[in-house]
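Participant: Encoded as structure tokens, here's the structure I'll be asking about.
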């Protein structure tokens, strides 16, 4: 649900703008409001899950997400929809790290961990890919409001399942008074960082507005680090966590992959609609091969994960995805779905699926149980920051290549550049995996039952 909401709105933006009277700049905030609160509050959400209980924070996030989706679907003016999207981001920032922390605590090692993270990653990534499909179909046949309403039944079902199926455990990290100052500095710094990046479509990277915003964000984050080093209270994120090479390497890898993948959905969607002149619904359907390939790659990662170390899968998956993106970079104005989209979609989808489970498992390996929420929030933050940075940077590069022209040929040139740059980011991620992550053997350990610590007695 969280992943789907990052992309489900994109296809419906033109009709949302027409339906509520958005201006060109205001319409971008339908996307930015969600990214801003989600990316800015993830660290806080992860620590809250550790301190106050993962099930409690998960239920809170699900309830808020569902309610915000309902209100967004009922919006009558632009400000109401933007506020609803911001509230969705707050709910997502609570439930995403809480859910991942529950999974980490339930499957700390062994074959079951490989399988659990494979299922998690396939579901997570398929949600993002299916968002384009669902968004196109709903926008064309049911109306744009249903890209918001679709979350309501999903949130309700997830709430019921979580209440019954997730065991209530004592908070793992409530050992002292919380570091309020550090939490404020980190949240403000992360929020400003995302805010500065997402507004580069309106203010150039070199503009005083952007430079001032990003400089202030960096200053706040530096202050946060200094406070965390000196505080005697329970820190928002213990700095010793960054001494773990697995945590650092996996998060940098995740940031680069997010910076490449999120713009790719944007560019391919625009290529199909603006260059090949496909409708919203057909554009969504044309993303299905990528989704199926991604799920197949995730299943393959589970099979190979019993025999190969995670680093090997990260390298193989990154290289395969980069090859698919390089093929995407060859799109042409007179191309077709079969030659320009289908082939690279399958290759990139399988590659992306191969690396998703291992990166989540690596980022939480060796982390103390009381810090699993913080590690999960950090991983989600790196992906969201990467997505925002990638969309802003690659989108700007594509726009500069296109210039003021709106012909299919000019647009195609810009989109091709953006996709080629995505391939370069994926190669950088592979380099990080090779140089930062340690060589380890394949996961081993006793088989664990799926109900260990997760399913409550009697359910």
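Participant: Report the extension gain between residue 142 and residue 431 in nm, rounded to one decimal, defined as 0.36 nm multiplied by the number of residues separating them, less their alpha carbon distance. Walk me through the numbers on the way to the answer.
Facilitator: Numbers: separation 289, 0.36 × 289 = 104.04 nm, distance 4.49 nm.
The span from residue 142 to residue 431 would gain 99.6 nm if fully extended.
Participant: Once label points are set 7 Å from the Cα along Cα→Cβ at both residue 307 and residue 396, what is their separation, rounded to one decimal in nm?
Facilitator: A separation of 4.6 nm, rounded to one decimal place.
Participant: Still on this structure: For region 47-145, rounded, prolate or oblate, judged on the Cα gyration tensor with a ≥ b ≥ c (square roots of eigenvalues), a/c < 1.5 rounded, else prolate if a/b > b/c?
Facilitator: Numbers: a/c = 3.95, a/b = 1.53, b/c = 2.58.
In terms of gyration-tensor shape, oblate.
Participant: Could you work out the relative contact order of region 179-235? I mean the mean sequence separation of Cα pairs under 8 Å and 6+ apart, divided by the number of residues, in percent. Walk me through the numbers on the way to the answer.
Facilitator: Details: 50 pairs, mean separation 29.0, N = 57.
About 51 percent, as a whole number.
Participant: What FRET efficiency comes out for the pair residue 339/residue 168, r = Cβ-Cβ distance, R0 = 51 Å, nearest 0.05?
Facilitator: Working: r = 54 Å, r/R0 = 1.05.
So, using R0 = 51 Å, E works out to roughly 0.40.
Participant: Additional query: For the chain, what relative contact order do you get, as a whole percent, if you take Cα pairs closer than 8 Å and at least 6 residues apart? Show your work: numbers first, answer last.
Facilitator: Details: 904 pairs, mean separation 114.9, N = 459.
Normalised by residue count, the contact order of the chain is 25 percent.
Participant: To the nearest 0.05, what FRET efficiency results for residue 230 and residue 368 with a Förster distance of 25 Å applied to their C-beta separation? Numbers along the way, then the final one.
Facilitator: Working: r = 21 Å, r/R0 = 0.86.
The computed FRET efficiency comes out at 0.70.
Participant: If you don't mind, there's one more thing I want to ask. I'd like the distance between the alpha-carbon centres of region 305-372 and region 9-86, rounded to an integer number of Å.
Facilitator: 28
Participant: Another question, then. If I model a spin label as a point 7 Å beyond the Cα along the Cα-Cβ vector, how far apart are those points for residue 83 and residue 285 in nm?
Facilitator: Using points 7 Å along Cα→Cβ, the separation is 4.0 nm.
Participant: Could you order peptides 364-373, 319-328, 338-347 by the average number of other Cβ atoms within 10 Å of their residues, highest first?
Facilitator: 319-328, 364-373, 338-347
Participant: So what's the gap between the Cα centers of region 148-170 and region 93-140, to the nearest angstrom?
Facilitator: 14
Participant: Under the rule of -39500 (n - 2.57) per DSSP H run of 4 or more residues, summed and divided by the residues of the chain, what mean residue ellipticity at 222 nm is obtained, to the nearest 500 deg cm²/dmol? Working shown, then result.
Facilitator: Working: 17 runs with 333 residues, N = 459.
-25000 deg cm²/dmol, from helical runs alone.
Participant: Further, regarding this structure: For region 258-299, compute the orientation-averaged projected area of the C-alpha convex hull (one quarter of its surface), in nm².
Facilitator: The Cα convex hull of region 258-299, projected and averaged over all directions, gives 3.1 nm².
Participant: Stokes-Einstein diffusion coefficient for region 179-235 at 37 °C in a medium of 0.692 mPa s, Rh from the Kirkwood formula over Cα pairs: what value in µm²/s?
Facilitator: Working: Rh = 11.8 Å.
Rounded, D is 279 µm²/s.
Participant: I want to make sure I understand the PRE zone here: with the label point 7 angstrom from the Cα of residue 18 toward its beta carbon, which residues in region 117-145 have backbone N atoms less than 18 Å away?
Facilitator: Residues 135-145 qualify, since their backbone N sits under 18 Å from the label point.
Participant: Tell me the angle of helix 24-52 to the major Cα principal axis of the chain, expressed in degrees between 0 and 90 and rounded to the nearest ten.
Facilitator: The angle comes out near 10 degrees.
Participant: For the pair residue 299/residue 123, report the inter-label distance in nm, with labels modelled 7 Å from Cα in the Cβ direction.
Facilitator: Spacing of the two 7 Å Cα→Cβ label points: 1.7 nm.
Participant: Follow-up question, since we're still on this one. Starting from the Cα-Cα distance between residue 243 and residue 184, subtract it from 0.36 nm times their residue separation and give me the gain in nm to one decimal. Before the final figure, lay out each step's value.
Facilitator: Values: separation 59, 0.36 × 59 = 21.24 nm, distance 2.33 nm.
Stretched out fully, the residue 243 to residue 184 stretch lengthens by 18.9 nm.
Participant: If packing is taken as the average number of other Cβ atoms within 10 Å across a peptide's residues, how do 97-105, 28-36 rank, most packed first? Display every interim value, and only then the final one.
Facilitator: Numbers: 97-105: 26.4, 28-36: 22.0.
Highest mean packing first, the order is 97-105, 28-36.
Throughout, read-outs are computed from the coordinates displayed, never taken from laboratory work. All values reported here derive from a predicted model rather than from experimental measurement. Reconstructed Cβ throughout: ideal geometry from the backbone, glycine too, with neighbour counts over all protein chains shown.
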